[in-house]
1. Tell me which residues, restricted to the range 267-319, are β-branched (Val, Ile, Thr) and under 24 Å from the mean Cα position of the chain (by Cα).
2. So which residues in the range 554-603 are within 28 Å of the chain's Cα centre (by Cα) and more than 30 Å from Lys304 (Cβ to Cβ), if there are any at all?
3. Among the residues in the range 290-307, are any part of a helix (DSSP H, G or I), buried (at least 17 other Cβ atoms within 10 Å of the Cβ) and acidic (Asp, Glu)?
4. Given (1) more than 19 Å from the chain's Cα centre (by Cα); (2) closer than 18 Å to Lys371 by Cβ; (3) surrounded by fewer than 20 Cβ atoms within 10 Å (Cβ to Cβ), where does Tyr487 come up short, assuming only one miss?
5. With Ile470, Ile441 as the choices, which residue is outside any helix (DSSP H, G or I) and closer than 20 Å to Lys401 by Cα?
6. List, please: which pairs have Cβ atoms under 6 Å, are six or more places apart or on different chains, and start with a residue in the range 182-198 that is outside the structural domain of His514 (by TED's automatic domain parsing) and end with one that is outside any loop (DSSP other than H, G, I, E, B)?
7. Of the residues Glu425, Glu453, which is over 23 Å from Gln138 (Cα atoms) and surrounded by fewer than 19 Cβ atoms within 10 Å (Cβ to Cβ)?
8. Which numbered condition in (1) in contact (Cβ under 8 Å) with a residue 40 or more places away in the chain; (2) of a type outside the set (Gly, Ala, Ser); (3) not in a helix (DSSP H, G or I) is the only one that Glu455 fails?
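The values are calculated or read from the model by the stated rules, or taken from the named source; none is laboratory data. Small disclaimer: the values here were computed from a predicted structure and weren't measured. Every residue, glycine among them, receives a Cβ derived from its backbone with ideal geometry; neighbour counts consider all protein chains shown.
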Amino acid sequence: MRKLTFIAAAVSVAILAGCQQAPQQAAPAPVVQAQPVQSEIDKANAFFEDTFNRDVMSSPVYQTYMGIKKDYDKWDDGSEEQKLKDLAQAKADLVALKAINRDLLDDATKVSYDLKKQDLESSIADFKWRYHNYPVNQMFGTHSMVPAFLINQHSISNVKEAKDYIARLNGVPTVFDQLITDLETRADKGIIAPKFVFPHVIDSSKNIIHGAPFEKGEDSTLLADFKRKVSALEVSQDEKDALISDATDALKSAVKPSYSKLINYLAQLEKRADNRDGAWKLPDGETFYNNALKRTTTTDLTAKEIHAIGLAEVERIHDEMREIKDKVGFEGDLQAFMQFMKTDKQFYYANDAQGKQRYLDEATGLIDTMKTRLDELFIVKPKADLKVKAVEAFREKAAGKAFYQQPAPDGSRPGIYYANLYDMEAMPTYQMEALAYHEGIPGHHMQIAISQELEGVPKFRKFGGYTAYIEGWGLYSEFIPKEMGLYSDPYSDFGRLSMELWRACRLVVDTGIHAMKWTRQEGIDYYVNNTPNATSDGVKMVERHIVMPSQATAYKVGMLKILELREDAKKQLGDKFDIRQFHDVILKNGPVPLNVLENFVNEWVASKKA
């Protein structure tokens, strides 16, 4: 989110003259009663509130995510000029924050102060790396954000909002021109995505301009979405037809040329790409990757240390898998058992509408069951609801196997657990349980929805995020149901272990590719040889590592820290340890770096021992 200028709140002083003049006496001097000067705590909280609100209102896209419809007809400004303004704003914000006397803050506000200061300092320091990424790739990018955003975020409840949707369609050319400028700037610096990325992005872009009104056939993804939303409006058919006509014109005159221009540019850029995959190939790539690891894990762990942790965890999990192999009576070694799990038809639903619906229904059932058990684990529970959906057809081919979308803060939209059912062979039923717990409850939905609903915590913390904390909690959430007696089917427990194994392998492969110059194929081979997942999973994961350096290391590092803190608290507290209170400590402050989380747990332990 942007960091724009902080405008300090003025402190008003009221002067009240309140004396009457006594007869035959000189009038006394007026009594001046000033309101108390704003405390440093109030100044800090006003700063947090004002800067957050300003940042939201400077981003039409983020406004929409937050359920605000002020600039509902606009997109964000992605120009270099805006990036420089954002940098200047971050520097101004840091000056304003430092003007607040930290020594006069209470403990809770000091935490917010330190987190905000760290956030601003990191943003300023990382500005030099702003081009060290690939703004369009198979995982995310402007080309897929535009349709996904319009479909999933831009609701239409009246004619104005329909016209805003059309205005956003007409605004796509500017957005894409800025994107192409960004891509060319990177190319001039030698920052071009590897060759494998381009077919994914080009195919996804072509999917958006497939169908009516771009060509004969069924309605395109965007036209179908617009028609569906407008059809629900309580206005005359003539008004609906006029809106659909205007949207059709915008799709043909703005969206189609923009995507065609991007596709043509990418086809030319692809010729300049190579097959080198690691961050080491980027300008000053080693320094960039080490910084990325630090930001992602919120630790000082080196690439070598993370690689070693991954190898040790892979070995441990393999041993636990062998125990399950023996428990179910499988004859053969672990590799043979993994191959059995990969290929046996009992673990896969049909790759048709019926099989996909069955998967969604059963995933929903698992989450519904977990909802009834939450009192065993938690004091505070989320108010927002959770839905399970399949990833939309236009992006399912390139998207990851599962992900979560947070609810709207105003309650107008539930949290969503997306399951990618494009390839049912990549969604074995024995992993269904762990996936549902990770993306839904008690995982991301539990943590993110509670964070958004916290009171007395600045918004920048409620809606912010630290990947190691968030994904660490998600992976930890796959484990805690095991302690509740769930995963009663040993194959599902194997699925849990296979998911944890996958994250352990991520530590090995991410550092392997970006710090040790592994090739894409070496990364794929490591997943295929060490996990029961489909080869297609390994390909997608390695390609994800390549375009998102360091991101995948967050899960296991975060989970291990939470487990370490829990075990240490248990050891110190003995019978006084309460798992519900521990989870409350983890969740009640919103996302934080792992070292700050450790401080919170230590303070809780000390309070229980007192």
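1. Thr296, Thr297, Thr298, Thr299, Thr302, Ile306
2. Selection gives Ile579, Arg580, Gln581, Phe582, His583, Asp584, Val585, Leu587, Lys588, Asn589, Gly590.
3. no
4. Single failed check for Tyr487: (3).
5. Result of the check over Ile470, Ile441: Ile441.
6. Phe198/Leu266; Phe198/Glu270
7. Exactly one residue qualifies, and that residue is Glu453.
8. (1)
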